[in-house]
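The values are calculated or read from the model by the stated rules, or taken from the named source; none is laboratory data. Everything numeric in this text was worked out from a predicted model, so none of it was measured. Counting neighbours? That spans all protein chains shown, and the Cβs are built from the backbone with ideal geometry, glycine included.
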Amino acid sequence: MTNRHSGPTRFRGAVKSQVRPSLLSSQGNGGVSADKKVIIPRSVTVAQLAELLSMSHIEIIKQLIRNGVMATINQAIPTEIAIKVARDLGFDAQDSPKSAVSAAQALADARAESQEDAGQMRARPPVVTILGHVDHGKTTLLDAIRKSNVVAGEAGGMTQHIGAYQVDQRGQRITFLDTPGHEAFTAMRARGAQATDIAVLVVAADDGVMPQTVEAINHVKAAGVPLVVAINKIDKPEANPERVKSQLGEHSLVIEEWGGDVIAVPISAKTGKGIDDLLDNILVVAEVAELKANPHRPGEGVVIEARVDSNRGTVATLLVKNGTVKVGDTLVVGNTWGRVKAMFSDVGKPVRRAEPSTPVEVLGIEKVPVAGDKFMALANEKQAKAMVESLAEARGPKGPVLEEVFASITAGKTRELNLILKTDVQGSVEPILTSLEGLGTDKASVRVIHTGTGSINEGDVMLAVASKAIILGFNSRPEPGARRLAEGEGVDIRFYDVIYNLIDDIRKALEGILEPTIVEVAEGRAEVRAVFSTGKRGKAAGVFVAEGRLTRGSQVKVMRKGKVVADSVISGLRHFKDDVREMLAGTECGVALQDYQDFEPGDTLQAYRREKAGRAA
């Protein structure tokens, strides 16, 4: 990160890099007219680049954001970034002859800048998230750590539940995010925020590795975060830590005492046994990771949680990742901004400044941000408003579409195709997984980051957003909430009932020969509440339309316990005694399907239409 006055601020993964298709033909191959050719000087500000290209500085800032760079109007941007932005906007941009420097000089400049930054870097506390299966003791462990290791000098303070807190272990601080569960962990990653430095996986010694444990492991692997395992409930008579260690090995987590690199610590969150050992090992992992930040630069970080207080207005809990946040700073926070009026520590004490890895409650933000939103300090309110406007206009879809994968691979932007596989039964996972893993090419590999059985849920969608993955459903359909979330987040979900078709689509995507496919777009959902006879015509379903609409002639799937039991067409709709063409959400009606009568109360009808896959520009 560079100083706000010396260069742009990069948010890793802040916005997906995009190149407008309409401009592709103007790049290279002589496709740019003479008036589109520009020479970029070595040092250029956003305002100067806008003038050079005869464009608004807002357009330049938006294109910078699309390339993962946040800069204000008066900031200087490196030549290579300016050239990239100009080319993305359809210009044939070249270096100025005067800006050419020798490789040796460029290397010397880079080293000097690196040494200058390194001189200001300081070690910072690790930020830790607790993950694991439900009822394995995540919350109990967090409570035990908080009560026994309150930061020195703050004992007796009223601990505030602000979503994060710090503890003291042998004179060193550790920051814990008080949001246990991989759902919260992944939801933050989905918004581009890698808030966690270390993950602690809690596994009950009497229960062993469970389905949610496996999900948590996959989420941590996808994030690339160091992992420490806490084998909890060792005080129970039926505890079997050795069995847990063996089960972890089955999921590629080999503990240190068995020759691996995963630290496993036996603990009892109930009695407190082993907690000091766990904290010591967290500090060891943090030391190996060499976590550092520059406390002398303007602050930036991530939103842990936010709410509206009837007396204090918007209250946001921020975790400072780099720099220092001070009372009076102007912050851009996600799609909003504000001036820091007051800050409070995790024990409710007023503070004037917050350094890296410190969680604070902040007053003064205009609107309520979302957990996982990033924030950064700017020089003044004018810059903050301009940045919020640019961010709002520049945000694009988050998830890849399968047909776009090959173009990204060809351009060198993608080296891996991330997939999430959900099947109806466990027996289908292994053959599909084996086939997928053999599809890698010299340009890109296939990485299945998570597998599971049952319906596609919201956790699957959030993991797809966070990892830029495509979801493959084999005889598996999305839950209503997951479907809505996928539509809102731009996640591509593919449905298959033949393994060959699934494998063939992924192979074609990697080879660049995948034809645009026809996808299903949801139109409505209804719940079957009763089944009644219709005389010679057989049976009909009495339903409540929960979402969207049902239309006579529409395609509809009959879902039972997450599985498709029929795919038919609505042949009749009846409202009381009237035949109707359409029924909207919130109404009840009778539904007859073509060639299907075996309804059961509790079934779900999902109406849909088929259309060509694609994404709006």
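List the pairs whose first member sits in region 476-493 and is closer than 23 Å to Ile432 by Cα and not assigned by TED's automatic domain parsing to the domain that holds Lys563, whose second member is among the charged types (D, E, K, R) and at pLDDT below 80, and whose Cβ atoms are under 8 Å apart, counting only residues at least 6 apart or on separate chains?
Listed by first residue and then by second, the contacts come to Val491/Lys398.
Take Glu287 and decide whether it is of a type in the set (D, E, K, R) and touching a strand residue (DSSP E or B) at 6+ places or on another chain (Cβ under 6 Å).
no
For residues that are in contact with a Gly (Cβ under 6 Å, 6 or more places away or on another chain) and in a strand (DSSP E or B), scanning just region 428-458, find the one that is surrounded by the most Cβ atoms within 10 Å (Cβ to Cβ).
Per the criteria, the residue is Ile456.
Can you find a residue in region 301-311 that is without any contact (Cβ under 8 Å) to a residue 12 or more places away in the chain, out of contact with any strand residue (DSSP E or B) (no Cβ under 9 Å at 6 or more places or on another chain) and part of a loop (DSSP other than H, G, I, E, B)?
Yes - at least one qualifying residue is present in region 301-311.
Go through region 486-501 residue by residue and tally those that are of a type in the set (A, V, I, L, M), farther than 18 Å from Thr186 by Cβ and surrounded by 13 or more Cβ atoms within 10 Å (Cβ to Cβ).
1
Say we look at region 175-216 and pick out the residues that are touching a helix residue (DSSP H, G or I) at 6+ places or on another chain (Cβ under 6 Å) and of a type in the set (Val, Ile, Thr); which of these is modelled with the lowest pLDDT?
Thr186
What pairs come out if I take residues in region 134-148 that are closer than 16 Å to Ile234 by Cβ and pair them with residues that are at pLDDT 85 or above and among the basic types (Lys, Arg) whose C-beta lies under 9 Å away, six or more apart or interchain?
His136/Lys233; Gly137/Lys233; Gly137/Lys270; Thr140/Lys270; Ala144/Lys270
What is the number of the single condition among (1) in a loop (DSSP other than H, G, I, E, B); (2) without any contact (Cβ under 8 Å) to a residue 60 or more places away in the chain; (3) surrounded by fewer than 20 Cβ atoms within 10 Å (Cβ to Cβ) that Thr314 does not meet?
Looking at each condition in turn, Thr314 falls short on (1).
Could you check how many residues of region 136-166 are at pLDDT 85 or above and either in a loop (DSSP other than H, G, I, E, B) or touching a Cys at 6+ places or on another chain (Cβ under 8 Å) (or both)?
Going through region 136-166 one residue at a time, the tally reaches 2.
Does at least one position in region 351-359 carry a residue that is modelled with pLDDT of 85 or more and among the aliphatic types (A, V, I, L, M)?
Yes, the conditions are met somewhere in region 351-359.
Being out of contact with any Pro (no Cβ under 7 Å at 6 or more places or on another chain), at pLDDT below 80 and not basic (Lys, Arg) narrows it down to one residue among Ala118, Ala82; which is it?
Ala118
Val254 passes all but one of (1) among the aliphatic types (A, V, I, L, M); (2) buried (at least 21 other Cβ atoms within 10 Å of the Cβ); (3) in contact with a Gly (Cβ under 6 Å, 6 or more places away or on another chain); (4) more than 21 Å from Leu142 (Cα to Cα); which number fails?
Condition not satisfied by Val254: (2).
Could you list, in sequence order, the residues of region 459-512 that are charged (D, E, K, R), assigned to a helix (DSSP H, G or I) and closer than 25 Å to Lys221 by Cβ?
Asp460, Glu489, Asp505, Arg507
Yes or no: region 576-591 includes at least one residue that is part of a helix (DSSP H, G or I), farther than 28 Å from Asp424 by Cβ and at pLDDT below 90.
Checking region 576-591: not a single residue is part of a helix (DSSP H, G or I), farther than 28 Å from Asp424 by Cβ and at pLDDT below 90.
If I filter region 332-350 for residues that are in contact with a Pro (Cβ under 7 Å, 6 or more places away or on another chain), of a type in the set (Ser, Thr, Tyr) and in contact (Cβ under 8 Å) with a residue 60 or more places away in the chain, do I get at least one hit?
no
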